[in-house]
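The values are calculated or read from the model by the stated rules, or taken from the named source; none is laboratory data. All figures in this text were calculated on a predicted structure; none of them were measured in a lab. Cβ: placed from backbone, ideal geometry, glycine included. Neighbour counts: every protein chain shown.
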Amino acid sequence: MHYLADGLRLPTNGLDYAILAIYFAVVLGIGFAARRSVKTSLDFFLSGRSLPAWVTGLAFVAANLGATEILGMAATGAQYGVAVVHWYWIGAIPAMVFLGLVMMPFYYGSKVRSVPEFLLQRFDKSAHLLSSVLFAFASILIAGVNLYALSIVVEALLGWPQWVSIVVAGLFVLAYITIGGLSSAIYNEVLQFFVILAALIPLTILGLKRVGGWDGLSDSLTRQHGGDFLTAWGGTGIGDPNPLGANWLTIVLGLGFVLSFGYWTTNFAEVQRALSAKNLSAAQRTPLIAAFPKIFIVFIVMIPGLVAAVLVPKIGTAGSDLTYNDAIPLLMQELLPNGVLGIAVTGLLAAFMAGMAANVSSFNTVFTADIWAKYVVKGRPDTYYLKFGRLITAIGVLASIGTAFLAASFSNIMGYLQTLFSFFNVPMFVVFIIGMFWKRASMKSGVWGLLAGTTAAMVNYFVIYKQGVIDIPSDQGANFVSAIVGFVAGALVMVLVTLFTAPKPEAELAGLVYGTKSPGMEEPPQEGDQVWYRRPALLGWGAIVLAAACYVPYSF
Amino acid sequence: MSELQREVSELEARSATAARLFDIRRIIGGLFVVYGVIVTIAGITASEADLKKAQDININLWTGLAMLALGLFFLGWVWLRPTQAPTPAEAPQE
């Protein structure tokens, strides 16, 4: 949820609006131009599994680079300082590399079309239906929350009434996904990625100049907040107080391991981008190519946050009418002249729309392929499911427009629901990891692992933390601990259930479990995939080493 | 081969994306050339107030030139390495 302060109205002029209008026209154009490539449901939902790796890789990072992420991470920077790098270097890169190197052969090789479909193949219908339905609900909810956040930002920055931006942005997303399918969503994400860079890089440079470069920035912040504000690990010893409310152990295990692996490796809105790649090598490289920009994006998000903390020392406290979320809009207003300002506004709006589109384009796939075609109307020809996919896309967008209006009146409930759904990601990861590496894990263990892990994480968060049974200093820290609890509980229950229930017949596990191969995976590597810079292992380990090296200047 | 494998392989064989989807590099190239030109012009004609606001950096000029360069890079990439023709089996039927 974002509440932008009044008085952030941007001095936009005709030039800025022209830049924005060109973008909207191109977005629609991509939708129409992609239309002729949609012949089967596979084209509509997974781009026919035929996109090149650099396209799916940039879409992978852009699908996550929604505006709530950009504004939110700049806010985290303004509030907690350099510690925000944890969300990138330990909270994303290892999981992305793991997805590419270890999990992708099972995902892509088994030819599943969605994350829940993998659960159906590996476990049983109950795990499948539970995860499909929850994912479908969560996607619409998050898409709606994104729209609502967009409307608040647009109202503050441009002065449009909230309902206008909710309806306009919703209808644009509806049009280009219904017409062009996933290809259109992915192409727009790639475009958005570059526009966001063109918006944030100038903002970062001007922001740094404004506060006297990095030296000036760190001097001011050290004076205001102490030296730990500019280090990644300062004050995170177990038992030490720090604003994050987390120690190194919960950061590494909770954020770096459980939460991040849960999000990056089992969230279908992300994994879908990799599944649309043209072959296994490209699918593996999708998250790996995404990892490199991800390592550096933190700088163009964190630095504006830090600069805002210098310019408005009281930001986010009762003494200021600016909240942490205002960091980037504030700098846009203070520093950007017309022209670049238009690019920045376009970038923010594009990020909101792409964040929503990623949810909608994964929702329609799960709803059509996993719910409708498996449990409601089975065995129709493919054209029927293609038509139904288009229809449900439209319904999904209209539902998220509705959710956005609901969020406007009940924003607390929405925040609460988001927390609820976030707890579901954690056991998803347990179930996947145990299912992929332990052949014996039984059919029924999937659904019980999901239920037990979710329940345990919720009990820890809502009862043990909220009721004050254990003292955890912040929501953030409690989130990390809940994730660890959910992970352990899910794993324990899976092992217990497995001991007492039937395993999946070995023949049905081909290509789904470590040590087995999918039939038909013998396709020879494509020409050119053997060159050294396309080797997944090198890309993956390179990203890990680079992320670790980035920690060095902020750790001592 | 499982039923899922068969179904998806069959859909893959009939898929039209590989043969018919346009090349995104053209769109990125085109949009950034247009944006680059617009913003560069805004930079050349920048007012004193604009410059002062942007900490005496002509940010429109530099951003515009960088966007122009990115756009030209993408167009050059398409020109040097055009989309590979799909294999004969997948060639468009129209």
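Is it fair to say A:Tyr384 is surrounded by fewer than 20 Cβ atoms within 10 Å (Cβ to Cβ), under 20 Å from A:Lys39 (Cα atoms), aromatic (Phe, Trp, Tyr) and modelled with pLDDT of 90 or more?
Yes, satisfied.
Restricting to region A:115-143, name every residue that is assigned to a helix (DSSP H, G or I), more than 14 Å from chain B (Cβ to nearest Cβ) and in contact with a Gly (Cβ under 7 Å, 6 or more places away or on another chain).
A:Ala127, A:Ile140
Within the bounds of region B:71-80, is there any residue that is among the hydrophobic types (A, V, I, L, M, F, W, C), within 8 Å of chain A (Cβ to nearest Cβ) and touching a residue at least 12 places away in the same chain (Cβ under 8 Å)? Let's see the steps before the verdict.
So in region B:71-80, the residues among the hydrophobic types (A, V, I, L, M, F, W, C) come out as B:72-75, B:77-80.
With within 8 Å of chain A (Cβ to nearest Cβ) added as a condition, the list becomes none.
No, that holds for no residue.
Residues to consider are A:Val497, A:Val488, A:Val459, A:Val463; find the one that is out of contact with any helix residue (DSSP H, G or I) (no Cβ under 7 Å at 6 or more places or on another chain), at pLDDT 90 or above and surrounded by fewer than 22 Cβ atoms within 10 Å (Cβ to Cβ).
Just a single option satisfies the conditions, and that option is A:Val488.
Scan (1) of a type outside the set (Val, Ile, Thr); (2) surrounded by 24 or more Cβ atoms within 10 Å (Cβ to Cβ); (3) away from chain B (no Cβ under 11 Å) for the single condition A:Gln192 breaks and write down its number.
(3)
Among helices (runs of 4 or more DSSP H) lying entirely in region A:1-66, which contain 1 or more residues that are more than 7 Å from chain B (Cβ to nearest Cβ), more than 27 Å from B:Leu21 (Cβ to Cβ) and at pLDDT 90 or above?
Output list reads A:14-34.
Just to be sure, is A:Val112 under 28 Å from A:Gly181 (Cα atoms), part of a loop (DSSP other than H, G, I, E, B), touching a helix residue (DSSP H, G or I) at 6+ places or on another chain (Cβ under 6 Å) and in contact (Cβ under 8 Å) with a residue 12 or more places away in the chain?
Yes: the conditions hold for A:Val112.
So which residues in region A:278-294 are surrounded by 19 or more Cβ atoms within 10 Å (Cβ to Cβ) and under 12 Å from A:Ile93 (Cα atoms), if there are any at all? Write out each step before concluding.
Filtering region A:278-294 down to residues surrounded by 19 or more Cβ atoms within 10 Å (Cβ to Cβ) leaves A:278, A:280-291, A:294.
Result: A:Pro287, A:Leu288, A:Ile289, A:Ala290, A:Ala291, A:Lys294.
So which pairs qualify, if the first residue must be in region A:476-495 and touching a residue at least 24 places away in the same chain (Cβ under 8 Å) and at positive phi, the second must be of a type in the set (S, T, N, Q) and not in a helix (DSSP H, G or I), the Cβ gap must be under 6 Å, and the two must be at least 6 apart or on different chains?
none
Select the helices (runs of 4 or more DSSP H) contained entirely in region A:226-327, then report the ones holding at least 3 residues which are in contact with a Pro (Cβ under 9 Å, 6 or more places away or on another chain) and closer than 27 Å to A:Phe44 by Cβ.
A:268-275, A:280-311
Take the residues in region A:345-398 that are of a type in the set (Phe, Trp, Tyr) and either touching a residue at least 60 places away in the same chain (Cβ under 8 Å) or farther than 30 Å from A:Val26 by Cα (or both); name whichever of them is farthest from the other protein chains (Cβ to nearest Cβ).
Among those that are of a type in the set (Phe, Trp, Tyr) and either touching a residue at least 60 places away in the same chain (Cβ under 8 Å) or farther than 30 Å from A:Val26 by Cα (or both), it is A:Phe363.
Taking A:Thr178 and the conditions (1) among the hydroxyl-bearing types (Ser, Thr, Tyr); (2) buried (at least 23 other Cβ atoms within 10 Å of the Cβ); (3) more than 19 Å from A:Ile22 (Cα to Cα), which numbered condition does it fall short on, given that it satisfies the others?
(2)
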